[in-house]
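Take a look at the structure below.
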Amino acid sequence: MEKMILKVNGKSHEVEAAPSDTLLWVIREKLKLTGTKYSCGKAICGSCTVHLDGTPVRSCVAPVASATNKEITTIEGLSESGLHPVQKAWIEEQVAQCGYCQSGQIMQAVALLNKNSNPSREEIVGYMKGNLCRCGAYMRIIKAIEKASELG
Amino acid sequence: MNDHKNIKVDSSRRKFLRNASVLVSFASVPISFSLAGCELEAQDSIARELLQKELNIWVHLKEDDTVTISNPTSEMGQGSMTALALLIAEEMDLDWSKVNIINSPAVPDLFGVGWNGRGSKSMITVGSRTVRSYYTMLRQVGAQSRYALLKSTANEWSVPFDQLRTHNGFISHPDSGKSISYGQSLAFFDDGIKMPDFDENSLKQPKHFKLIGKINTRVDVPEKSDGSAIYSIDIDLPSMVYGVITRSPVNGSKPKLMNKQELEGMPGIIKVEMLDHGVALIGQTVQDVLNAKGSIEIEWSSAPADEHSSGEAFMSYVKQADQSEVINNMISEDGPVEEAFRNATQVLKADYFNEYVYHAQMEPLNAVANVKDNTAEIWLGTQAPGNARSAIANHLGLKEDEVKVHRTYLGGGFGRRSRHDYAIEAIELSKRIKKPVKLLWTREDDLQYGMYRPLCMQRMSAAINDQGQVVGWKHVIYGTGGGLLGSGARVEFYDFPSHAIGVNNIDHGIRTKHWRAVGHGPNKFAIEAFLDEVAEKTGKDPLEIRLELMKNHPRAKAVLQKAAEMGRWGDPRPDGVGVGLAFAERSDSLAACVCEISLTEDSEIRVRKVWAALDGGVIVHPDNTIAQMEGGIIMGMSSVLKEKVTIKDGKIQQSNFHDYELLRIDEAPEVLEVALIDSTEHPTGIGESGVPIIGGAIANAFANLTGKRLRHMPFTSDRIKEALG
């Protein structure tokens, strides 16, 4: 176990963890930020997506040591009000069903729009295909990203 | 229907009414709700708590006009927590913006309902039963609540009851110009009011609805868009420890642990516990137990399911069917079916195959349990909180009122979470270690110790006369899964002169379970694809043959015609595009779709466009109904095109989403349109209706494109290549 500093959603936290511990469980269990979800544990489904310096990362396979000295952003840190343009679009399009994958979907979508503010449908599905949604809300995820792109 | 007759309002509750927060509690529940009798109170601590707090069970109105409505259903994405509150709010004429919804306690006697509103009460959320079952009862609750507020106001203002009007949370008396909000009227609320009967006819007619069919947002969407929605996996209790279990790789095999000492010495491991079906590790953190789980060494005993391999089972079904078509469990039989086959001009036969399919809800099973000497609490995402509570009480030798089930959101259910095996595991671990335990199933655990949609074969036969008409229809299902196998095999909307439909169950010792739409997925695929084979053989158009068979079922016909019109049935398609259609009923709803497909260079099917129509009776929540159809169709596509659990020597061969693939967003259709048929009929189930229509439609579109038939789901590229030769 080592003490390390994690900068999460703009705040620094000291945590004790083994360097190989996965970022997901440190975020969830030690920092009590439970919006980031466990689902496959193997970076296949995208439910655990967070940003490291703005880049989407599957926190379920990222060693916590890889995240020190980086800005970690979770769903809780996307906006103060929970109304980031992408979240607004998600609500307007009524995307969520069970909702479990949606934190990861939103984090992935935010990263896309930060890189490409006006993506085509093909670019959207290309960028989002690592994120599974079992409820089948894909049509609305695409619409919400298009809407968020319009909202700017 | 007459539940409300049993309502008693106890006068001792009046004293509460002077307090700030008041109830409107004339619920249509057939219980004696009197404090004097207190049968309920004696039986149930949760009910007792409710009574002590003077919270009524469905509607809690405050002086500031906020209204809190109890939600009895398990919210797993299907949206019924919003729909049920709308039913009460509609009859009460509430201001929807003032409504909050909370989960009710897991007390089926108070909050449950029978199927379609009849029979014994349950809080189980399965079979798309929720809205159709609560539809009358909760509107009665709303009507009674409104009546009580109005009556109190009529008395206070000394005006005739009939002259009062309600609108958007206000009571007004147009003649005098007086108006008061519901919350303010609590100042003179009289809960000794005698309640009249509110039968279906005295409730609002659909044309007067202001909320039902008009509200298009779900209350749970905002918190599911900012990470704050709480699932059981998110629960954190003081001094909580973590558990994982390595379970039998073959159903029924027993563990012999080979390295207990080693595991006990691993960092953070508190205890290693033997269970009948596995070995549990309890540790300080999730990371600790996951690390140790990787090192576990177990020798497993043999089990009957060792003998089972899914590929071989298919061959044995064919063999069995070839030897004898005797039906052991007849589901539906009508007309001289044997004679029809004897006298047929031609007999058409085909076998359809369906693999085991896994629920794959995104939140793996988990639970947080805290067992003490004489009480137990559990935080659980469950479709069946009442059953879970009974099972836990039974397991611990406690009374039901000593068990508290805290209901959280479910990260998907699809039928898997109506069993409570994972709840009992968590309870057992907490009991043994005497601490709160969060039990986590890994994705691998969830897949490999799953309960699957049954493996099955459908042998379809049609007797055709010299006019090219189907005069006999036979559908025999061979598979493992008992009662799950037959759902959806009936052909209630196709009038064949004779039919025989039934199941031959062969128990392979594999865990099987309801999976969204149950047997309707496999059976409707077989029925709809086979009907197209019959149409081709008899020179009929797929739409024409169905409309002819449905001629006595106008609602079914209208749904199919709507889908056909949306999908421009009969119009030529571009080169490389195939078109197919299918119809299916599920949970009393009627649905149909037309789809267009094409093939990729790798011989994979891409579903390009889907047009679907649904008749679900009165649609309480239209946008959510469309979302359920979209989701059902996409989940259906996933099962039709990609999903299979294969079993070899009793072992599940897949372990995670790399080898159990789900449909991804780049495989979603470009167009998915859903039309809802206008109706004033009683609502029917909508949560599963999208699933059963898509298999047949895709198979039929493939035949339209290639002239070849796909009869084995999922339609993987290997099977497509094989079909194309």
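Within the listed set A:36, A:49, A:73, the Gaussian network model of chain A (springs between alpha-carbon atoms below 10 Å) gives the highest mean-square fluctuation for A:73.
A simple packing score, the average count of other Cβ atoms within 10 Å per residue, orders the peptides A:5-13, A:138-146 as A:138-146, A:5-13, with the highest score first. Could you tell me the calculated FRET efficiency between residue B:537 and residue B:717, based on Cβ-Cβ distance and R0 = 22 angstrom, to the nearest 0.05? Computed FRET efficiency for residue B:537 and residue B:717: 0.20.
Exposure check, 1.4 Å probe, all protein chains in place: residue B:295 carries approximately 40 Å² of accessible surface. Mean separation of Cα pairs under 8 Å and 6 or more residues apart, divided by the residue count, gives the stretch B:566-716 a relative contact order of 37 percent.
Using alpha carbons only, the radius of gyration of the stretch B:212-276 set against its Kirkwood radius gives Rg/Rh = 1.24. Over chain B, what percent of the accessible surface lies on carbon and sulfur atoms, probe 1.4 Å? C and S atoms contribute 46 percent here.
Looking at the square roots a ≥ b ≥ c of the eigenvalues of the Cα gyration tensor of chain B, which shape do they give, rounded for a/c under 1.5, prolate if a/b is larger than b/c, or oblate? It is oblate, given that a/c is not under 1.5 and a/b is not larger than b/c.
Summing charges over all other residues whose Cβ lies under 10 Å from the Cβ of residue B:79, with Lys and Arg as +1 and Asp and Glu as -1, gives -2. Computed on the stretch B:160-251, with alpha-carbon pairs under 8 angstrom and 6+ residues apart, the relative contact order is 10 percent.
Net charge in the neighbourhood of residue A:128 (other residues with Cβ under 13 Å of its Cβ; Lys, Arg +1, Asp, Glu -1) is +1.
Taking a ≥ b ≥ c as the square roots of the eigenvalues of the Cα gyration tensor, an a/c ratio of 1.5 or more together with a/b larger than b/c marks the stretch B:128-232 as prolate. For the pair residue B:63 and residue A:150, a Förster radius of 41 Å applied to the C-beta separation gives a FRET efficiency near 0.45, rounded to the nearest 0.05.
Rolling a 1.4 Å probe across the protein heavy atoms gives the stretch A:85-151 an accessible surface of 31 Å² per residue. Residue by residue along A:75-82, Cβ atoms of other protein chains within 10 Å of the local Cβ number 2 on average. With the charge dipole of the protein assembly as shown set up from +1 on Lys and Arg Cβ and -1 on Asp and Glu Cβ about the Cα centre, the Cα lying farthest toward the positive end among the listed residues B:187, A:87, B:534 is that of B:187. Extending 7 Å from Cα along the Cβ direction at residue B:490 and again at residue A:20 yields two label points whose distance is 5.8 nm.
Figure note: B:197, B:678, B:234 ranked by solvent-accessible area, largest first, 1.4 Å probe, ligands and nucleic acids not counted: B:678, B:197, B:234. For the set B:256/B:651; B:513/B:651; B:404/B:513; B:372/B:399; A:11/A:37; B:254/B:372, the pairs lying more than 23 angstrom apart at their alpha carbons are B:404/B:513; B:254/B:372.
Bridgeable lysines around residue B:551 (alpha carbons under 26 Å apart, same-chain partners fewer than 8 residues away excluded): B:349, B:474, B:524, B:537, B:540, B:562.
Average accessible surface for chain B: 36 Å² per residue, computed with a 1.4 Å probe over protein heavy atoms with every protein chain in place. Per-residue ellipticity at 222 nm, computed for chain B from helices alone with -39500 (n - 2.57) per DSSP H run of at least four residues, works out to -9000 deg cm²/dmol. Protein-only accessible surface at a 1.4 angstrom probe places the residues B:466, B:446, B:199 in the order B:466, B:199, B:446, largest first.
Neighbours of residue A:67, meaning other residues whose beta-carbon lies under 11 angstrom from its beta-carbon, give a summed charge of -1 when Lys and Arg score +1 and Asp and Glu score -1. Here chain B is assigned +1 on the Cβ of each Lys and Arg and -1 on the Cβ of each Asp and Glu. Its dipole about the Cα centre then comes out at about 900 debye.
Toward the positive end of the charge dipole of the stretch A:85-151, with +1 on the Cβ of Lys and Arg and -1 on the Cβ of Asp and Glu, the farthest Cα among A:124, A:105, A:148 is that of A:105. Loop-located trypsin sites (Lys or Arg not before Pro) in the stretch B:214-286 (DSSP state not H, G, I, E or B) with no more than 16 neighbouring Cβ atoms inside 10 Å: B:214. The listed residues B:147, B:317, once ranked by accessible area (1.4 Å probe) with the largest placed first, stand as B:147, B:317. Charge dipole of the protein assembly as shown (Cα centre as origin; +1 on each Lys and Arg Cβ, -1 on each Asp and Glu Cβ, all else neutral): 780 debye, rounded to the nearest 20. The alpha-carbon of residue B:214 sits under 12 angstrom from the alpha-carbons of these aspartates and glutamates, leaving out residues fewer than 8 places away in its chain: B:90, B:623. Averaged over peptide B:358-365, the number of partner chain Cβ atoms lying within 10 Å of each residue's Cβ comes to 5. Please work out the Cα center distance from the stretch B:650-725 to the stretch B:149-188, rounded to the nearest Å. After rounding, the separation between the Cα centres reads 54 Å.
Shielding of peptide B:282-294 by partners, expressed as the average count of other chain Cβ atoms within 10 Å per residue Cβ, is 3.
Which residues does the label zone of residue B:334 cover in the stretch B:467-499, counting backbone N under 20 Å from a point 7 Å along Cα→Cβ? Answer for the stretch B:467-499: B:469-477, B:486-499. Once all protein chains are placed together, residue B:97 keeps about 100 Å² accessible to a 1.4 angstrom probe. When chains B and A come together, the accessible area they lose, probed at 1.4 Å and totalled over both chains, is close to 4500 Å². Each of B:655, B:283, B:374 was placed along the dipole of chain B (beta-carbon charges, centred on the mean Cα), and the one lying farthest toward the positive end is B:374. Provide the FRET efficiency to the nearest 0.05 for the residue B:323-residue B:659 pair, computing r from the beta carbons and using R0 = 41 Å. Computed FRET efficiency for residue B:323 and residue B:659: 0.75. Considering only alpha-carbon pairs that sit under 8 angstrom and 6 or more positions apart, the relative contact order computed for chain B is 13 percent.
The values are calculated or read from the model by the stated rules, or taken from the named source; none is laboratory data. Remember, it's a predicted structure, so these values are computed and weren't measured experimentally. All Cβ positions, even for glycine, are placed from backbone atoms using ideal geometry, and neighbour counts span all protein chains on display. Each accessible area value is taken on the protein alone, full model and side chains, heavy atoms only, with ligands, DNA and RNA left out. Shrake-Rupley method; radii C 1.70, N 1.55, O 1.52, S 1.80 Å.
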